[in-house]
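The structure appears below as structure tokens.
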Amino acid sequence: MLRPGHFFRNEKIAEAITANPINLTVIACIAWTFFGLIGHDPWKSEEAVFMGYLSQLSNGYSYFEFLALKDIPKAGPLFYGVALFSIEVFSPLLTPHDAARLTMAIWLLSALLFTGLVGNELWGRSQSWLAPLLLLGSVGLLVKSHQIGATPVLMSGLAIFFYGLSVAPRLSIIGGLWLGTGTSIILLGTSLQNILIPIATVALMALANFRYRGLRFASSLCIGGLVVLAITGSWLIVLYQKDLSLPLFWMSHTWDTAINSLRVPSLDELIYPISILPWFTWPTWIFVFWSLWIEGREGLKRKELQLPVMLWISITLILGFTDINKESGLTPILLPFALLGSIAATRIPRSGGNALYWFAVMTALCFTITAWVYFSASYFGFPQELSEHLVNLQPGYQSGTRNVDIFIAAAVSTVWFLLLFNIKRRPERPVIIWAINLTFGWILAVILLFHWIDARKTYAPMVKSMVSNLDIERDCLITQVGPAQRGLIHYFGKIKTTDVYLDNNSQTCEYLIYQGRWDDDNHIGSPWSLIWEGGRSGDRSERYRLFKREARSK
């Protein structure tokens, strides 16, 4: 216990927390999931692209027209349907991007829940809360999972599928239903190539364990297959009712997209995911290797260890044959890591546990102090040098009145500090402390820092300034910008654009948006004339120019 811990410990509270870790886990999972989902604009990344797609679907396009677009969405109809439903339901209360981002909570909470159920099925009650804490505490899951994207959908589908796989030898009907449900979420919510992960896992388990070669498991697979056919068939019926040709078009399009995404990777392409894996899976990978070490060869003969290992192998193989050029692509591997790591969470050497415990405490303490110092600089102007640096990074930043935020952040900091002294010494304490510290650190970042970060990252003022120069009556608008920027122009500008080439003489668009750099010259000549130029406040790299077609001479 931290000293002088007796000043801050209440024995009744400490005993209640220690005796009921599931309650603490549930609170941490809910707080970690919901904080950061609302209150800021879409930021440039995958989220911006998806929000652009959603804005088009909300403003004229149907999903069936959307399939024919050149920039194919990297998610399935389930993802878009749930997001659009949320936008419609919460439209009086939330902005569209907040309402769409709120759906990520559905997928994240279901992934955490079913990870706990798998842990409970494989190793017992303690793993039912340790596995979700390790998943929640993985650094790589934090930021991208709180942005609009298909990754949380994939995590949810995999967790549900894996729960069905774990219970299938014991409860064939229940297992089959969950197998089919998870597989259907992967099939209709993400890219088709992800369906290879459950297929490969089932095949590997059939080779590794006799219980997955019997009639009971075969009946589970049949039930799961029927569930997939029923859910997918319902979607195809909806397509058929819209247009007789749409079911075949959707299937061929989805298949082509999946096939095109698979390729044999080169060594250089594998370097990036391997290089980020240590910090991305921190600290879970420590527990993974310790679990494999203490279980040894005998452990690999048991279903309890075979299941997460085979899922790990399947995910690694499938991801290895796709293009992983961003962090979110590695996220699925955190699921088997959390399940494997939970085995050793209670058996890690005392010295290692103490090292992780103190590392978690010191890291959280440093981050808490840093968050408050940066907030003070942006809001109060102290320390002055840091405040001037932040103003230089984001000129014209308006902090507004943040009294409520200050009160909540102070309360959160106090609760975190007291909680450190009220978790008694036990083998799982390092895992609990790390997950709790990460949760409180994330909450503080959202409350204290997101206001400034959003002002720096948002494209809303720039896009609104740009589109104010457009005529209400116009035939079309060309965008020569990146996919994320195009999505944000569609969303904030409430306009549709095209990306036809500049040398296409047959096009008659009146306006052109061109993305360049501030040190670039204006190389676009006749028939275009510059009518607006600008960029995000504080951004010294991206520059945007709006051109209007000169009137043709008669």
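The values are calculated or read from the model by the stated rules, or taken from the named source; none is laboratory data. These numbers were taken from a predicted model, which means no experiment stands behind them. We place every Cβ from the backbone using ideal geometry, glycine too, and count neighbours over all the protein chains shown. With ligands, DNA and RNA removed, areas are computed over all heavy atoms of the protein, side chains included. Shrake-Rupley method; radii C 1.70, N 1.55, O 1.52, S 1.80 Å.
Per residue, what accessible area does the chain have, given a 1.4 Å probe and all protein chains present, in Å²?
Ligands and nucleic acids excluded, the figure is 46 Å² per residue.
P(r) of the chain in 10 Å steps, Cα pairs, percent per bin?
Result returned by the calculation: 3, 16, 24, 25, 18, 10, 3, 1, 0.
Give, to the nearest whole percent, the P(r) tail of region 145-304 beyond 20 angstrom, counting all Cα pairs.
Considering region 145-304, 64 percent of its Cα-Cα pairs are separated by more than 20 Å.
Can you pull out the trypsin sites (Lys or Arg not before Pro) in region 271-325 that DSSP calls coil and that have at most 14 other Cβ atoms within 10 Å? Working shown, then result.
Working: sites: R297, K301, R302, K303; in loops: K301, R302.
Loop-located and lightly packed - K301, R302.
In angstroms, what radius of gyration and Dmax does region 260-327 have, counting Cα atoms only?
Taking only Cα atoms of region 260-327, I get Rg and Dmax of 14.3, 41 Å.
With the cut-off at 1.5 for a/c, could you classify region 103-185 from its C-alpha gyration tensor as rounded, prolate or oblate?
Judged from the Cα gyration tensor, region 103-185 comes out oblate (a/c at least 1.5, b/c at or above a/b).
How much accessible surface does E473 have with a 1.4 Å probe, in Å² rounded to 10?
The accessible area of E473 comes to roughly 150 Å².
For region 260-406, go through all pairs of different Cα atoms, get the mean of 1/r, take its inverse, and jot down that Kirkwood value in Å.
19.2
Please compute the Kirkwood hydrodynamic radius over region 426-479, one decimal place, Å, based on all pairs of different Cα atoms.
With all distinct Cα pairs of region 426-479 included, I get 15.3 Å.
About its Cα centre, what dipole magnitude does the chain give when the only charges are +1 on Lys and Arg Cβ and -1 on Asp and Glu Cβ, stated in debye to the nearest 20?
Charge dipole, the chain, about its Cα centre: 1640 debye, nearest 20.
Over all directions, average the projected area of the Cα convex hull of region 278-364 and note it in nm².
Over all viewing directions, region 278-364 projects a mean Cα-hull area of 6.5 nm².
Taking the Cα atoms of region 393-548, what is the range of coordinates along each of the three principal axes, in descending order and whole Å?
74, 35, 31
Computed over the Cα atoms of region 355-459, what is the ratio Rg over Rh, Rh following Kirkwood?
1.05
For region 74-133, I need the span (max minus min coordinate) of the C-alpha atoms along each principal axis, in Å, sorted largest to smallest.
Dimensions of region 74-133 along the principal axes of its Cα atoms: 44, 25, 15 Å.
So what are the radius of gyration and Dmax for the Cα set of region 332-416, in Å?
Cα-based Rg and Dmax for region 332-416 come out at 19.1, 53 Å.
Give the separation of the Cα centroids, region 470-487 to region 408-459, in Å.
41
Quick test of the membrane-span-like rule: which DSSP H helices of the chain reach at least 30 Å along their long axis (C-alpha atoms) with mean Kyte hydropathy at least -1.0?
Working: long enough: 215-242 (40 Å, 1.41); 350-379 (43 Å, 0.78).
The answer, listed by residue number, is 215-242, 350-379.
Express the relative contact order of region 388-544 as a whole percentage, based on alpha carbon pairs under 8 Å and six or more residues apart in sequence.
Dividing the mean separation by the residue count of region 388-544 yields 25 percent.
If amide hydrogens are placed 1.01 Å from N in the peptide plane, which non-local residues have theirs closer than 5 Å to the one on L477?
Here the answer is T498, since their amide H atoms fall under 5 Å of that of L477.
Rg and Dmax in Å for region 6-164, alpha carbons only: what are they?
18.6, 66
So which trypsin sites (Lys or Arg not before Pro) in region 341-423 pass both tests, a DSSP loop state and at most 15 other Cβ atoms within 10 Å of the Cβ?
For trypsin sites (Lys or Arg not before Pro) across region 341-423 that sit outside H, G, I, E and B with at most 15 neighbouring Cβ atoms in 10 Å, the list reads R347.
For region 370-423, which chymotrypsin sites (Phe, Trp or Tyr not before Pro) are in a loop by DSSP, counting at most 14 other Cβ atoms within 10 Å?
Sites meeting the loop and neighbour criteria: F380.
Tell me, what % of the accessible area of region 315-440 is carbon and sulfur with a 1.4 angstrom probe?
Answer for region 315-440 is 67 percent, counting heavy atoms of protein chains only.
Where does each of T479, T497, T95 land when they are ordered by accessible area, with a 1.4 Å probe and the largest first?
Largest accessible area first, the residues go T95, T497, T479.
What is the dipole size for region 225-349, taken about its Cα centre, with +1 at each Lys and Arg Cβ and -1 at each Asp and Glu Cβ, in debye to the nearest 20?
That gives a dipole near 400 debye.
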